[in-house]
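First up is the structure itself, then whatever we jot down about it.
The values are calculated or read from the model by the stated rules, or taken from the named source; none is laboratory data. From a predicted model like this one, the values you see are computed outputs, not experimental measurements. Cβ atoms come from the backbone with ideal geometry, glycine included; neighbour counts cover every protein chain shown.
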C-alpha cells in the first residue's frame, strides 16, 4: 500500500523498573512513589524539569557531563528545549552543550523545542548558533515539526525573525502545509498560505495538501484551502487517480466529500470574470431591482397621479402624491451609490511597495504585525494575503476582504460594509417611506371612486376592470412593503446595537463576541444614542471596544483597542513543573526496550515513517509536565498497532 504522511503516534509505555515494583494498573505511578533516585538525579531528567539548582550540583560538584547523550542517544539540551526550560538551556550551553548536536534520527534541540512551541528556548538556541534549516534523516526541518504539532506561534516566530523556509519539502516531497492540512491545524494553514506556501505542491504520492486534509476528514482545513485556492485544486488527482473529494468519500468522510463536491460544482458554474458573460453575471440582481422600481414608479405616476378617470386631486393631496415620487427617486439615487460604491474593500497585498499608498495604513502589513504577535490567526486572509481588522471578513462572492462586513446583498450586487452601509440603510428607509406614501395615495384614490353600490365585491370588480394599473401597483406595493419593512427594522436594530448581520449569524463562533462563561457579549455596543448618532453622522461606528471597569461603586466605561485571546498553539510560558516519572519507548522494532525519560501521563510520541491510508491515528496530548519524546524514530504500522 502507498506510504502515508509521517505522523505522530501516542503509545503506552512504562518503566520496567517501576513496573516491577508497582501494581498492574495502567496509570503511571506518581513521583513520590518512585524509589529510584538515579532516574531523578541524572542531568537529563533534571534538564527536563528545569531544576537549575540540582543541575548545577550535578555538573559542578559531581562532574556530570551535559555534552554527552543518554543511553537512548538524546542530549540534555534536547530535554530542556522540549519543555521550554530557558535557564537550564542557558546553563547547558555555557557548560559545553552543543546547540547543533544531533540524536540518532538527526534531530537537534531546536527540533524538540518546536514540539511544544517553546519559543523562548528556541530563541536562546538560535542566538547561540542553532541552524534553523537543519534537517533530520527524514528531511524534517523545524518548520515541519512545528506544523506537525500545530505550533502556529512558534512557526511564525522562526519564519518572521529567523527566516525559516515555510515551504521547504521533506524527503517525501511534503511541505509544512501538507503536515498542517493532514493534522487539521487550520491556523497553521492560514499562516502558511499567508506566507505564500505553495498549496499545489505534490508529494511523492501525487497528493496536495488538500488531498491529505480530505484523507483525514478535516473539514475546517479543507474549507481554508478551498477558499484560498482555485477550481483546479479540486480536480487534481494523486498517483492513484483520485481527487480530494473522491478520497474523502473513500474514507467515509461524507461531510467533507459533500463540501468538496459542492465547491467544485459552484466553481465550475462560476463564469470567468473577464468574459462578457462573466461581466454580466457580476451585475447580479441590481438591474432587475432597478427596473422593478422604475416600472412601479412609472405605473404610479401614469395610473394614479395622472389618471383622468379618477377623482381630481386637490393641491395638498397632489403635493403629497408627488412627494412619494420624490422619495422613490431619492431612493434610486442611494441605491445606485450603494451598488457602485466601495463597501470598504481592503486592498490585497500584491507584494509591490510601489502600489502602497501612504493614506492606506491597512496595506502596510509587515510580518511582525502586532496582530500576528498576539496570535490572532483568524485575522489572516490567505486569499488577500493581509492581516485584516477583527470585524472584517472575506466575501467569497466579491473575493475581497471588507471592513465591518455586514452581508453580501444580491439585490444590490455588492457587499454591505463600513463604507456603504449608510447608503444602504437610507435607501431602505426612503423606499419604505415611498411605499407607504404611494400605497396610501393609491388606496385613497381607489376608495373615492363613485359607485352605485357600496359592496366590496363591486368595488373590486370595477377597479379590476377600469383601473388595472392602479390596482396592480397597489398589490405589488403591499407585497414588497412587508419584506423591505422587516429588513429595515432589522438593520435599524443592528445599527442601534452596533453589530452586523454577519456577526449576528456567527455570534456563537466568533470568540470576540463571547463574554465570561461563553455568553454572548457585544464589546462594540456603546449604547443606542452613541451608536445611532455616530452612524448617522459618520456613516459607521469605530471599532473600539467598550469595557466596563469593575470594582467601583459606579462603573465607568473606557475605550480600548481589541486584542483577541491567544489561540491554541501559542505557547510562550514555562510549563508547570512536576515530579512524575514515566517512560518513553523509542525502539523502532519492539515495544520492550528499556526506557529512560518520560512525561507524567505515561505516553510518548513517536514518528511513524510508513503508514497506510487506512490507518487510524490518535491525537497527541499536551500536558503540563515534562514530555518524553523520541522524535523521528521510525515505526511501521504493525509495531504501532501492537503497542497501542
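A few notes on this one:
- Test: residue in segment 70-89 that is in a helix (DSSP H, G or I) and more than 29 Å from residue 53 (Cβ to Cβ): no
- Any hit, segment 318-332, residues being at pLDDT 80 or above, touching a strand residue (DSSP E or B) at 6+ places or on another chain (Cβ under 6 Å) and surrounded by 18 or more Cβ atoms within 10 Å (Cβ to Cβ): no
Residues checked against (1) outside any loop (DSSP other than H, G, I, E, B); (2) over 25 Å from residue 247 (Cα atoms):
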site	(1), (2)
139	no, yes
164	no, yes
167	no, no
171	no, no
178	yes, no
182	yes, no
192	yes, no
197	no, no
212	yes, no
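- Residue count, segment 504-527 (criterion: crowded, with 18+ Cβ neighbours inside 10 Å and in a helix (DSSP H, G or I)): 2
- Members of segment 90-111 that are in a helix (DSSP H, G or I) and either more than 26 Å from residue 170 (Cα to Cα) or touching a strand residue (DSSP E or B) at 6+ places or on another chain (Cβ under 7 Å) (or both): 90, 91, 92, 93, 94
- Answer residue from segment 391-436, given it is surrounded by fewer than 21 Cβ atoms within 10 Å (Cβ to Cβ) and farther than 20 Å from residue 337 by Cα and is modelled with the highest pLDDT among those: 436
- For the residues 97, 50, the requirement of being over 22 Å from residue 147 (Cα atoms), under 36 Å from the mean Cα position of the chain (by Cα), modelled with pLDDT under 95 and buried (at least 21 other Cβ atoms within 10 Å of the Cβ) singles out 50.
Each row is one residue, and each column tells you yes or no for (1) part of a helix (DSSP H, G or I); (2) touching a residue at least 60 places away in the same chain (Cβ under 8 Å); (3) in contact with a strand residue (DSSP E or B) (Cβ under 8 Å, 6 or more places away or on another chain).
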position: 390; (1), (2), (3): no, yes, no
position: 398; (1), (2), (3): no, no, yes
position: 405; (1), (2), (3): no, yes, yes
position: 426; (1), (2), (3): yes, yes, no
position: 449; (1), (2), (3): no, yes, no
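- Unique residue being at negative phi, within 35 Å of the chain's Cα centre (by Cα) and surrounded by fewer than 23 Cβ atoms within 10 Å (Cβ to Cβ) when the list is 86, 108, 102: 86
- When residues in segment 231-263 are screened for being more than 17 Å from residue 221 (Cβ to Cβ) and either within 21 Å of the chain's Cα centre (by Cα) or exposed (fewer than 14 other Cβ atoms within 10 Å of the Cβ) (or both), 7 of them pass.
- In segment 489-502, of all residues being buried (at least 18 other Cβ atoms within 10 Å of the Cβ) and in contact with a helix residue (DSSP H, G or I) (Cβ under 6 Å, 6 or more places away or on another chain), the one that is farthest from residue 427 (Cα to Cα) corresponds to 498.
- Qualifying positions in segment 456-475 - surrounded by 17 or more Cβ atoms within 10 Å (Cβ to Cβ), assigned to a helix (DSSP H, G or I) and touching a residue at least 40 places away in the same chain (Cβ under 8 Å): 470, 473
- Within segment 150-169, residues that are on the phi > 0 side of the Ramachandran plot sit with their Cβ atoms under 6 Å from residues that are assigned to a loop (DSSP other than H, G, I, E, B), at 6+ positions apart or across chains, in these pairs: 150/185; 150/569.
- Filter result (modelled with pLDDT of 75 or more and either surrounded by fewer than 22 Cβ atoms within 10 Å (Cβ to Cβ) or over 12 Å from the mean Cα position of the chain (by Cα) (or both)) within segment 366-378: 378
Yes or no, residue by residue, for (1) closer than 19 Å to residue 390 by Cβ; (2) over 19 Å from the mean Cα position of the chain (by Cα); (3) outside any loop (DSSP other than H, G, I, E, B); (4) in contact (Cβ under 8 Å) with a residue 40 or more places away in the chain:
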residue: 492; (1), (2), (3), (4): no, yes, yes, yes
residue: 502; (1), (2), (3), (4): yes, no, yes, yes
residue: 529; (1), (2), (3), (4): no, yes, yes, no
residue: 540; (1), (2), (3), (4): yes, yes, no, yes
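- Subset of segment 59-70 that is touching a residue at least 12 places away in the same chain (Cβ under 8 Å) and within 28 Å of residue 117 (Cβ to Cβ) - its residue that is surrounded by the most Cβ atoms within 10 Å (Cβ to Cβ): 66
- Condition broken by residue 316, with the remaining ones in (1) without any contact (Cβ under 8 Å) to a residue 24 or more places away in the chain; (2) within 16 Å of residue 426 (Cα to Cα) satisfied: (2)
- Residue in segment 119-137 that is at pLDDT below 95, surrounded by fewer than 17 Cβ atoms within 10 Å (Cβ to Cβ) and over 36 Å from the mean Cα position of the chain (by Cα) present: no
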